[in-house]
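Visitor: Okay, handing you the structure first.
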Amino acid sequence: MTKLIIKIISFAILIICIATSTKVTISLLLALTISSLLFVLSKISFKIFLKRISLLIPFLLFLLLFTPNTFLAIFLKSTTAILTTAIITDNFNITTLKYLGQKLHLPSYFIDILAMTFRYSFTLVDEVIALKRNLYLRGSFKKKHLFHSGFLGSLGSLIGNFFIRSNFRAQRLYRSLKIRGY
Amino acid sequence: MHNIIKIENFNFIRSNNKFFNLKINHLEINKNEKWALLGHNGSGKTTLLNSLFGFENYQGLINIFGVDPRKHLKKILPFTSYVAQNPDDGLFCSTIKEDILFACKNFNLLNEKTTETTIINQLLQKIPKLELLLDRPPYELSFGEKKIALLATALAINPSLLIMDEPFSMLDQKQKNNLIEIIQKFEGTLIMATHDPVAIKEICTHSLILSNGLVAYQGNLDETKHTI
């Protein structure tokens, strides 16, 4: 139950953090402090946070170089978002998601859409992994620098195929739902 | 009603491939018959199955339970179940139990006599080891388990017509045998697109063979058994 309350508070902080203007630095600092506390309380491995923030560092450096005025606010926002999403997604399943949605009195269609998005994110991840493996096995992604035409071509076909497959899957899912009376 | 499915002058041209043209002049599928839908890859088996629900844009007439599925799909759905080729397309709830009861709730099949427990218990008698899957989320299951779970969701409404698209693809022999045993117990009308010769011989009474967009054979399976 405590974990669930922490998740609900984190969800609320995430929404507030996204909605808050970059000019209100004190509020963002407060949000970061609370989310850090919640992160510690959740006993989530610090490695998860480091792994996720490492993906963000290039973007933050880019911001520091070109828009130094907003750097602090965006740094606070993004770090808070990473902390809160780590808390929300820790040991998370569809049942918890549905429970959270019902507790927050969200409309049932909205909960269904959220639950299906969560359910099919796993399937789509599997599809991306399978696509990437197949492309790799056929010689793509060997040149790992970004501006190599082979790399960009492989990346393009990966993303393109992913969208097409997602579209077909969505169509088949819609038909399955319709057949079973939804 | 004797005819479960009636097809007259069916003609389908794929919008993105004008060379694909599937034609069926006349086909009648009667109550409790078990039909195998056979043909090479790309011969139009899945297209025909999709057309039975009115999902494809075809010319001609398809009647299921005397109703045109393009106009009155909702009328036939409470009596018809579909097992997709890819089980991920048909398992969308939090747990397999929820997936099983999904259609029953949508078609208002639950009442004082038919409760959730009675439906689950009936399925447990038909499907061995289903109890091990009930409380698990679909994404945790193996491919074979997903196939079994999907069949359970289809049988939950106790359908008169069961339509299956390649139910045995990518299964090992043991799982195939399990699935064959479960399908053999099904008493209603069955249409099954498959390439599995053992399953056809064990389950089916009739076959429809598609080749080059036309019906190469339709009728009693006994006459074609030696060629399968």
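Visitor: Amide H neighbours of B:Leu214 under 5 Å, at least 5 residues apart or on other chains, H built in the peptide plane: list them.
Guide: Long-range HN contacts for B:Leu214: B:Lys23.
Visitor: May I ask you to sort B:Ser160, A:Ser45 by Cβ crowding, counting other Cβ atoms within 10 Å and putting the fewest first?
Guide: Numbers: B:Ser160 18, A:Ser45 10.
Ranking B:Ser160, A:Ser45 by Cβ neighbours within 10 Å, fewest first, gives A:Ser45, B:Ser160.
Visitor: Hey, another quick one. Using Cα springs under 10 Å in a Gaussian network model of chain B, which residue among B:Asn177, B:Asn41, B:Asn32 shows the largest mean-square fluctuation?
Guide: Sorting by GNM fluctuation, first place goes to B:Asn41.
Visitor: Which residues make up the longest stretch of chain B that has no trypsin sites (Lys or Arg not before Pro) in a DSSP loop with at most 11 other Cβ atoms within 10 Å? Kindly include the intermediate steps, with their values, before the conclusion.
Guide: Working: sites that count: B:Lys113, B:Lys129, B:Lys185.
Within chain B, the longest run free of exposed trypsin sites (Lys or Arg not before Pro) spans B:1-112.
Visitor: Would you mind classifying the stretch A:1-81 by shape? Square roots of the alpha carbon gyration tensor eigenvalues, ordered a ≥ b ≥ c; an a/c under 1.5 is rounded, otherwise it is prolate if a/b is larger than b/c and oblate if not. Before the final figure, lay out the partial values.
Guide: Working: a/c = 2.84, a/b = 1.48, b/c = 1.92.
It comes out oblate by the Cα gyration axes.
Visitor: Moving to a separate point now. In terms of the Cα gyration tensor, with a ≥ b ≥ c the square roots of its eigenvalues, is chain A rounded because a/c is under 1.5, prolate because a/b exceeds b/c, or oblate? Mind showing how you got there, number by number?
Guide: On the way: a/c = 2.10, a/b = 1.13, b/c = 1.86.
Judged from the Cα gyration tensor, chain A comes out oblate (a/c at least 1.5, b/c at or above a/b).
Visitor: Rank these for me by crowding, B:Asp88, A:Asp112, B:Asp172, going from fewest to most other beta carbons within 10 Å. Walk me through the numbers on the way to the answer.
Guide: On the way: B:Asp88 23, A:Asp112 16, B:Asp172 10.
Final ranking by Cβ density, sparse to dense: B:Asp172, A:Asp112, B:Asp88.
Visitor: Mind checking the stretch B:112-153 for GluC sites (Glu not before Pro) that DSSP puts in a loop (not H, G, I, E or B) and that have at most 14 other Cβ atoms within 10 Å?
Guide: Numbers: sites: B:Glu112, B:Glu116, B:Glu131, B:Glu140, B:Glu145; in loops: B:Glu112.
Sparse-neighbourhood loop GluC sites (Glu not before Pro): B:Glu112.
Visitor: On to the next question. Summing -39500 (n - 2.57) over the DSSP H runs of n ≥ 4 in chain A and dividing by its residue number, what mean residue ellipticity at 222 nm do you reach, to the nearest 500 deg cm²/dmol? Present the calculation step by step, with values, prior to reporting the outcome.
Guide: Working: 7 runs with 149 residues, N = 182.
Per the formula, -28500 deg cm²/dmol.
A short reminder: the numbers here are calculations on the coordinates, not readings from a lab. Since the structure is predicted, the reported quantities are computational estimates derived from the model, not experimental observations. Methodologically, a virtual Cβ is constructed for each residue, glycine included, from the backbone with ideal geometry; neighbour enumeration extends over all protein chains shown.
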